[in-house]
Amino acid sequence: MTAQFVAPEIAWAQLLPVILVLGAGVVGVLVEAFAPQRLRRPLQLVLALGGTAAAIVAVAALWPQTVADGGTVVLGGSMVLDGPALALQGVVAALGLVGLLVIADRTETGEDAFAPSAAAVPGSDYEEVARRRGLAQTEIFPLVLFSLGGMMIFPAAGDLLTLFVALEVLSLPLYLLAGMARRRRLLSQEASLKYFMLGAFASAFFLFGAALLYGFAGSVRLSDITVAVGSVTGLDPLLIAGSVLVLVGLLFKVGAVPFHAWTPDVYQGSPTPITGFMAACTKIAAFGAMLRLVYVVMPGLEWDVMPVLWGVAALTMVVGTVAAIVQTDVKRMLGYSSVAHAGFILVGVVALTQSGITSVLFYLLVYGLATIGAFAVVALVREVNAGPGGAVVAEATHLSQWAGLGRRHPVLAGSFVLFLLSFAGIPLTAGFIGKFTVFSAAVEGGLWWLVVVGVLASAAAVFFYVRLVVLMFFTEPAGPDAPTTTVVRTDGLSQVAIGVAAVATVALGVVPGPVLDALGDVAVFIP
Amino acid sequence: MTSALASVPAAAAAGSAIPATGVFEYAWLLIALPLAGAAVLLLAGRRSDAWGHWLGVLASGGAFVVGALLTVVMMGAPLEERVQDVHLFDWITAGAFDLAAGLRVDPLSLSFVLLVTFVGTLVHIYSVSYMEHDAHRRRFFAYLNLFIAAMLLLVLADSYVLLFVGWEGVGLASYLLIGFWNHEKPNAVAAKKAFVVNRVGDVGMLVAIMLLFAAFGATDFETVFSLADGANEALLTAAGLMLLLAACGKSAQFPLQSWLGDAMAGPTPVSALIHAATMVTAGVYLVVRSAPVYAGAPTALLVVAIVGAFTLLFGAVIGCAKDDIKKTLAASTMSQIGYMMLAAGLGPIGYAFAIFHLITHGFFKAGMFLGAGSVMHGMHNEVDMRRFGGLRRYMKITWITFAAGWLAILGIPPFSGFWSKDLIIESAFATASGEGWQPWVFGTVALLGAGITAFYMSRLFFMTFHGTQRWPGHRVSQTETVDEPVQDPHESPALMMWPMIILAVGSVALGGVLAFGNAFERWLDPVLGYTEHPDPVLPIPVIIGATLLLVLLGAFLAWRQYAAAPVAVVAPRGSVLTRAARRDLYQDEVNETLLMRPGQYLTRSLVFGDRQVVDGTFTGLARLVGGSGELVRKVQNGYVRSYASTMVAGVVVLTAVVLAFRI
C-alpha cells in the first residue's frame, strides 16, 4: 500500500493571527542580525507590538464568521480553528500585548529587566568586556513572539503531534527568557535550568502518552481518537494510561499539584516581566489545550479519567492556598497563588458543561489581566542601597519591604490592591465574577463537594492577599527611618499596562455581561 | 408543622413583586448619592479637606430625603403594589446562569433605608465635631459614605449575589473604620479580628448561595422564594443553617460573637452607626428576608431561635462585668440582637417584631453610643466607668439624652423599648406550636434577659452619671499617677448635642408611635404576610407585670450597688463568674482552641513550607514554623532531582488510581 501525499489546503485567512505573530518573530531575528545597534530596539518594539496588535485585529476580523459557522478545520486537520480556539488566541494575543509593554519598559537610566548580553557567563571576563563596550542584545522580543505564536497554536492543535510541537515552540523560548534577568543572574539561570529540565521531563511524559494513544487509536488526530473511544474495545489500558500521561504534560504547564514544584522557584528567579507573561499566557494556552482534550476526547471517559482531575483540582486549590499563606517573598507568594488559581480553573474544566467552557475562558482572561498587572507592579518596586543617594538596585521582593508602600505611592499600591482583591474574588472585581461563573458551572455539572472545597480555599486565600494590603496601607516600614524601598521612574509603558489591567479588572467586575455573552457565543468545540 | 401553615400568606404575598414604576425607578439614587460622595472625597484628596465633611453629610442627607420620599409614595400605594423590583442592568450571564442587578423596594427594605440614612446622617453630623481635630477627617467621611452606600445596597438588593456585594462592602467599610486609627496596634489587630471572624460567616453565605443556586438555578429573591415553597426540606434546612452562619458572623451571634467587643477600638461614631444601629443588624435582615426559605425549614428556624436566646443571655452576662463603657454597650448590642434573632427564629409570628425592635434599638442604642462618645470627649477619652461618676452635674444634656436611651432599653413604658421588647417576650411565650418546651424556655430566657439587661444598663448609667466622682482633679488617691491628666468634664459642642437630642426623642416616642394600632406590623404585611398571633402560654398582663417587676428589681440592685454605695476605682477580683464574664466568657480562648490551633496545625503539616526561614507575621517579625522543618527541606528544597521524583510519584499515583478504578 503506497500512501499518497496529498498537499493540504492552506487556509491563509484563518491562520493569519498565528502567521502575523510568528512572522514578526522571524523578522525580529533578521533585525537582530543585520540592523545597527541603535535601531534594533525601536525596530523590535514596532515589530513586536505591531505584530501582536495586528494579530488581535485579525482575530476580531475572524470573529463574526466563526460565531456564524462554528469555525473550520485547517491544514488537513492539524489545527482546529473553532470558537474556543479563536477566543483563546485573542485572549493570549491581548494579554501578550499588555505583557510586552511591561517587558519593553525601561527605567530612567535606560535599564530594562534583562541582561544586556545574556549569553555571557555571570561574572566572566566576557561579560565585563561586553559591559564596557555597551553591547546590548534585544533578542527577548523575537523570543517572546515565538513563545506567543506557540501559545496561539496550542489551544487550536487538532492532533497530538501539533500539540507537542506547539508545546515546545512555546516552552523553549520561555526556558531561555527565564534565565535572562539583569539582576540576581545566578538565581535567574538556576530558574531557567530547573524549568528546562523539569519541562523536558514533563514533555517526555506527554510524548509517551501520545504514543500510547496512537497505539490505541491508530491515529494522532483528536477526532479519530474520539471516534475510537466509542468503537475500539480491549485496549482500554492504553487509552487510559495515555490520556493520563498527556494530561500530566498539560498539568505541568499549568502548575497543578503534584506537578507544581517548579512554579515558585521559576517565578521567583525569572525576570519579573517574564514571570507575569508566562504566569498569564502559558496558563491560558495550556488550559485551552486541556479544555479541548477534556471536552472533545474525554466525555466518554468521564468515570475513568475525570476522578483524577477532580482530585488534582481539589489538591491544587488546597496546597496552593495553604503554601501561599506562609510565603515571605512576594513573587513566590504570587507563584503559589497562581497554583491555587490553576485549581480554581480546573474546577471549571472538569464541570463538563457548556457553561464550563465559557467560565474557564472568562476566568483565564481575568486571571491573566490581574497577573500581568500584579507582576508589573512588582517589577517597579525596588530596593535602594543604604546611605544617602543610594543606588536603586534589584526588586524589593521581600514582603517586609512592602510595608507602608501604600502611603508613599497610593496610586500604584491602590492598583496592586485591586489585583489582589481580584485574585481573592472580592465582589465588584473581575475575579469574583470569574470564581462565581466557574463554581456555578461546577455546581451545574454536579460537582458539589469540589465547589465547597473551592469556596473554603478561596475564603482562606483572602488572608494572604489581605495581609499584603494591610502591610502596604496599615503598617509602618520597620527599621531605620529612611525608606529602603522605592518605586522606579520608567518610560511609562508599565504604567500603561497596569492602567489597562486595572480598568479592565474593574470593568469586567461591574459589567461582565458583554464579555461573558461574547465568550458564550463561541464556546463550542468542533471535533 | 404549624409554622409552615402560618406562613402561607407570607409566601403568597412575598412572591409577587411588580416592576417598579414612577418614582421608584429612581431608587438607585439612594446608593448612588453616598457612593458618589465617597468617590469624590477619596479622589479629590487633600483639596477637599476644607469642605469634605459637609459633602459627606450632604450625600447621606440626600439619600435620606430620597428614602423618605419613596416611603411617603409607598404609603399611598395600594397594598398589592408595595413590592417593586427595579431593574438596573444585566450583570452576570454565563450559560444557564443569568443574573440581573436590581433593587427590591418594599416596606422591609424601606424601613432599613430610613433607619440607615436617618441615623447615618445624624452620626455624620456628630462626627463633624467629634473628628474635628483629626488630620484625616475627610478620609473618615469618605469611609462613612462608603459604608452607607454598601449598607443600602445590602438591604435593597434583589438577589443573594447582589446582597453579598453589599455584605462584603459593609465588611470592608467596617474594617477600614475600625482600623481608622491604625497607628495604634490594638486597633489594627481588632480590625483584623473583625475581618477574620466575618470571613467565617461569609463562607456560610457563599455556601448558602451555591446551595440555593444548585437547587433553584437562580439566586434572585423572586425565583428562589417562589420555588422554595414545596422544595426539599433537607435542602432548605441546609441553606437556612448556612444563612444563619452568615448572619451570626455579621450580627455577632454565638459562636461568632468575639469580634464585636474588640471592634470598639474604632472611633465612637463608628460604633454608634455600624456596631449598634445598622451593620450588625444585617444578620436579622438576612433571616427575615429569607422567610420563605425558613418557612420550609422548621429545624433551621428553631436553631435561629436557640442561637438568639443563647446570645441574649451570653451578651447580658458579659455586660454585667465589663468596666469599659463602650464594651458594655457592645455586649448589650450583642444581647439585644439576640432578642431580634430569637424573634426571627419564632417564624412568621416574630418576624415583624424582630424588625420593630431592630428599628427602636437602632435609635436608642445609637443615642447611647453617641452619649458615651460625648462622655469620652469631655473626659480625655477615658472609657473606664470606674473612673467616671457624678458626671450628671457637668454634662446635663448628655445625662438627659442618655437617660432616655437607658429607660428605653430597660423597657419602661412608654419609652420605645417597652413596645418592641415586650412584643418579643410575649411572642416567645407563644411559639407557633403553642405547646411543648419551646414557649416556656424561650419565654423564660427572654424574661430573665430583660432583668439582667436592666441590671447592667443601670450599672452603666449609675456608674457614669451618678454616685461619687472618681476621676482625678478633686480626688486624692494613692493609685493616681503623677502624669495622669486632671479631668475637666464639660458638655460637648452643639453639633454633637443635637444628634443626641434627636435620637433621644426617638428613644422616647418612636416605639409608641409605631406600635399605635400595630401600624408597623401592618406596614410590613405586604412583605411578610398577615399573621394571626397565637395566645401566649401565660396571660399577657402577667407577662408584662413579671417583666416590669424583674426590670425594676435589676435596676434597684444596680442602684444599691453602684449609686448608693461607693464604687472601687480598681475592679475587685470578683467571683468566678465575674472574672469569666470580664474575659468575655473565655470566647477568645475557645476560638483559639477550636479554630486557630487546628488551623495552624493544618498549615504546618500541609505546607511543608519553604526552604527559606518562614516568617508568618506581616510586620516582618520572624516566626519560625517549627516541627516539620525536616519535611520542609525534603519537599521544597530547590533540588531538581527531588522535584522530578515528586512528579514521577504523582504520575505513578495518578495512573495507578485510574487503572485501579478501571479494574
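Please report the net charge: other residues with Cβ closer than 14 Å to the Cβ of A:V31, K and R +1, D and E -1.
Cβ neighbours under 14 Å give a net charge of +1.
Please give the net charge around B:A215, taking every other residue with its beta carbon less than 13 angstrom from that of B:A215, where Lys and Arg add +1 and Asp and Glu add -1.
Neighbourhood net charge equals -3.
Roughly how crowded by other chains is peptide A:429-440, in terms of the mean Cβ count from those chains within 10 Å of each of its Cβ atoms?
4
Give me, ordered by chain and number, the residues 5 or more places off A:T485 or on other chains with an amide H under 5 Å from its own placed amide H.
The answer is A:V384.
Work out the FRET efficiency for B:E233 and B:A660 from their Cβ-Cβ distance, taking R0 = 25 Å, and round it to the nearest 0.05.
0.05
Just counting partner chain Cβ atoms within 10 Å, what average do the residues of peptide A:320-330 show around their Cβ?
Taking all residues of A:320-330 together, the mean is 5.
Which cross-chain or sequence-distant (5 or more) residues have an amide H under 5 Å from the amide H of A:D159, H modelled 1.01 Å from N in plane?
Under 5 Å from the amide H of A:D159: A:L222.
Return the long-range amide H neighbours of A:A181 (sequence gap of 5 or more, or a different chain), with a cut-off of under 5 Å between placed amide H atoms.
A:A115
Loop only per DSSP, at most 15 neighbouring Cβ atoms within 10 Å: give me the chymotrypsin sites (Phe, Trp or Tyr not before Pro) in the stretch A:1-92, ordered by residue number.
A:F5
How far apart, in nm, are the 7 Å Cα→Cβ label points at A:T226 and B:V542?
7.6
At 0.36 nm per residue, and after removing the present C-alpha to C-alpha distance, how many nm does the segment from A:V503 to A:V393 gain when stretched out fully?
36.6 nm
For chain A, take every pair of Cα atoms, bin their distances at 10 Å starting from 0, and report each bin as a whole percent.
4, 19, 31, 27, 14, 5, 1, 0, 0
Can you put B:Y456, A:Y295 in order of Cβ neighbours within 10 angstrom, beginning with the fewest?
A:Y295, B:Y456
Using only the alpha-carbon atoms of the stretch A:262-305 as identical scatterers, what base-10 log of I(q)/I(0) does the Debye formula give at q = 0.25 Å⁻¹?
For the requested q values the scattering log ratios are -0.80.
For the stretch B:129-136, take each phi angle, set θ = phi - 60°, evaluate the Karplus expression 6.51 cos²θ - 1.76 cosθ + 1.60, and give the result in whole Hz per residue in order, putting x for glycine and proline.
Ordered by residue, 3J(HN,Hα) equals 7, 4, 9, 3, 8, 8, 5, 10 Hz.
What share of Cα pairs, in percent, lie more than 24 angstrom apart in the stretch A:186-305?
When all Cα pairs of the stretch A:186-305 are counted, 33 percent exceed 24 Å.
If you average the sequence gap of Cα pairs under 8 Å that are 6 or more apart and divide by the length of the stretch A:12-522, what percent do you get for the contact order?
That works out to 16 percent.
How far apart, in nm, are two points set 7 Å out from the Cα along the Cα-to-Cβ line at A:R38 and at A:S124?
3.0
Other chains' Cβ within 10 Å of B:294-306 residues: what's the mean?
Per residue, the number of nearby Cβ atoms from other chains is 0 on average.
Run through all the Cα pairs of the protein assembly as shown and give the fraction in each 10 Å bin from 0, expressed as whole percent.
Spelled out bin by bin, the protein assembly as shown gives 2, 10, 18, 21, 18, 14, 10, 6, 2, 0, 0, 0 percent.
Between the helical axis of A:448-474 and the dominant principal axis of chain A, each derived from Cα atoms, what acute angle in degrees is found, rounded to the nearest 10?
Tilt of helix A:448-474: around 10 degrees.
Give me Rg/Rg_expected for the stretch B:354-394, where Rg uses Cα atoms only and Rg_expected = 2.2 N^0.38 Å with N residues.
Dividing the Cα Rg of the stretch B:354-394 by 2.2 N^0.38 Å gives 1.46.
Run the dipole for the stretch A:12-522 about the Cα centre, Lys and Arg Cβ at +1, Asp and Glu Cβ at -1, nothing else charged, and hand back the magnitude in debye, nearest 20.
1000
Just check the stretch B:277-324 against the gyration tensor rule for me: Cα atoms, a ≥ b ≥ c as the square roots of the eigenvalues, rounded for a/c under 1.5, and otherwise prolate or oblate depending on whether a/b exceeds b/c.
Oblate.
Set the Förster radius R0 to 60 Å, insert the Cβ-Cβ distance between B:Y639 and B:A50 as r into 1/(1 + (r/R0)^6), and round the FRET efficiency to 0.05.
The calculated FRET efficiency here is 0.45.
Count charges around B:E532 for me, please; just the other residues with Cβ under 15 Å from its Cβ, Lys/Arg as +1, Asp/Glu as -1.
-3
Using per-residue counts of other Cβ atoms within 10 Å, averaged over each peptide, order A:509-522, A:320-333 from highest down.
Packing order, densest peptide first, comes out as A:320-333, A:509-522.
How big is the antiparallel share of DSSP beta bridges in the protein assembly as shown, given as a percent to the nearest 5?
So the antiparallel bridges amount to about 90 percent of the total.
For the stretch B:354-452, run through the GluC sites (Glu not before Pro) and keep only the ones in DSSP coil with at most 14 other Cβ atoms within 10 Å of their Cβ.
B:E435
Name the longest site-free stretch of chain A, where the excluded sites are GluC sites (Glu not before Pro) in a DSSP loop with no more than 16 other beta-carbon atoms within 10 Å.
A:303-527
Which of the peptides B:136-143, B:343-350 is most tightly packed, and how do the rest follow, judged by the mean count of other Cβ atoms within 10 Å per residue?
So the order, starting with the most tightly packed, is B:343-350, B:136-143.
Evaluate E = 1/(1 + (r/R0)^6) for A:L456 and A:V511, where r is the Cβ-Cβ distance and R0 equals 25 Å; express this FRET efficiency to the nearest 0.05.
Computed FRET efficiency for A:L456 and A:V511 comes out at 0.30.
By its C-alpha gyration tensor, with a ≥ b ≥ c as the square roots of the eigenvalues, how is the stretch B:273-381 shaped: rounded for a/c under 1.5, else prolate for a/b larger than b/c, else oblate?
prolate
Can you tell me the length gained on complete extension of the stretch A:E302 to A:A204, counting 0.36 nm per residue apart and subtracting the Cα distance?
32.8 nm
Could you work out [θ]222 nm for chain A from helices alone, using -39500 (n - 2.57) per DSSP H run of at least four and dividing by all its residues? Round to the nearest 500 deg cm²/dmol.
Counting only the DSSP helices, I get -23000 deg cm²/dmol.
Distance in nm between label sites at B:R560 and B:T223, each 7 Å beyond Cα in the beta-carbon direction?
It is 6.3 nm.
For a quick protection proxy, order the peptides B:158-167, A:455-464 by their average other-Cβ count within 10 Å, most packed first.
Top of the packing list down: B:158-167, A:455-464.
Taking the stretch B:322-396, which chymotrypsin sites (Phe, Trp or Tyr not before Pro) meet the DSSP loop condition and have no more than 16 other C-beta atoms within 10 Å?
Passing both the DSSP loop test and the Cβ count: no residue.
Laboratory data are not the source of any read-out in this text; all were calculated from the coordinates shown. No experiment lies behind these values; they were computed from the predicted model shown. Cβ sites come from the backbone with ideal geometry, for glycine too, and all protein chains shown count toward neighbours.
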